[in-house]
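I have placed the structure first, in the form of structure tokens, so that the comments after it can refer back to it.
The values are calculated or read from the model by the stated rules, or taken from the named source; none is laboratory data. Treat the numbers as computed from the prediction; the structure is a model and nothing was measured. Cβ sites come from the backbone with ideal geometry, for glycine too, and all protein chains shown count toward neighbours.
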């Protein structure tokens, strides 16, 4: 699984909501929510008009366990089976994989013999950013980091420090939507921990005199970080911290930032 696989173009949560509502309306009216009927309804409302695009959205909703698909025979012979979509009673929140398996999908360059799985409920925004790979729905990089840090240590406290390693390696090297990351982190109660990691990454990779041993790797990392720093700082400035005194400063050290990010990029062993 590669980063290119994971970073597909995000879907639109409003369109996901419209599709779900269209299926519900057809069910309430006693009409069959077939693929073509759904497409006609959405096209009439100028929401969506392309077969291939609708198929991708429907797949996302199916893998999130919000819809099911049934194949039914048509009245005419030699005609392909109808694809009929139905809502799932009792399921009103998307479900996705957000553990170490999701981190690996997003390019985590680590050998993990038994990656931890984590199934979480999300909203349509989280679903819109999720990715289907090998018949499974995976959270975005940002959601996977937040949910892993929040939930996995509760079940596997011995692996808590390892998750900080993975988060540091990815946040220092991968393309990240920092606004979305920090909003999600705040919602899930791990904002300060994520901020602690981000601020140490920034201190290490932007300081004039960083206290690090591996200067060669530092310079390689700085070249990459230069392009994402403005986005990070803009996102952090939007946070009102009476909280700054509560942001932990000892989650990760400068030398550890260099070690973890360097290994992620294959610069260090």
Residues to consider are 90, 107, 99, 126; find the one that is without any contact (Cβ under 8 Å) to a residue 12 or more places away in the chain and either over 19 Å from residue 189 (Cα atoms) or assigned by TED's automatic domain parsing to the domain that holds residue 175 (or both). 90
Would you please name the residue that is surrounded by the fewest Cβ atoms within 10 Å (Cβ to Cβ), looking only at residues in segment 1-23 that are touching a helix residue (DSSP H, G or I) at 6+ places or on another chain (Cβ under 8 Å), at pLDDT below 95 and assigned to a helix (DSSP H, G or I)? 5
Subset of segment 77-108, residues part of a loop (DSSP other than H, G, I, E, B) and surrounded by 14 or more Cβ atoms within 10 Å (Cβ to Cβ), comes to 91, 93, 94, 98, 99, 106, 107, 108
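Can you tell which of 70, 49 is outside any strand (DSSP E or B) and either in contact with a strand residue (DSSP E or B) (Cβ under 7 Å, 6 or more places away or on another chain) or outside the structural domain of residue 128 (by TED's automatic domain parsing) (or both)?
49
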Unmet requirement for residue 169, which otherwise passes all of (1) in contact (Cβ under 8 Å) with a residue 60 or more places away in the chain; (2) surrounded by fewer than 19 Cβ atoms within 10 Å (Cβ to Cβ); (3) in a helix (DSSP H, G or I): (2)
Quick check on residue 222: is it over 20 Å from residue 142 (Cβ atoms) and either modelled with pLDDT of 85 or more or not assigned by TED's automatic domain parsing to the domain that holds residue 142 (or both)? yes
Note on residue 205: of the conditions (1) crowded, with 20+ Cβ neighbours inside 10 Å; (2) more than 13 Å from residue 261 (Cβ to Cβ), unmet is (2)
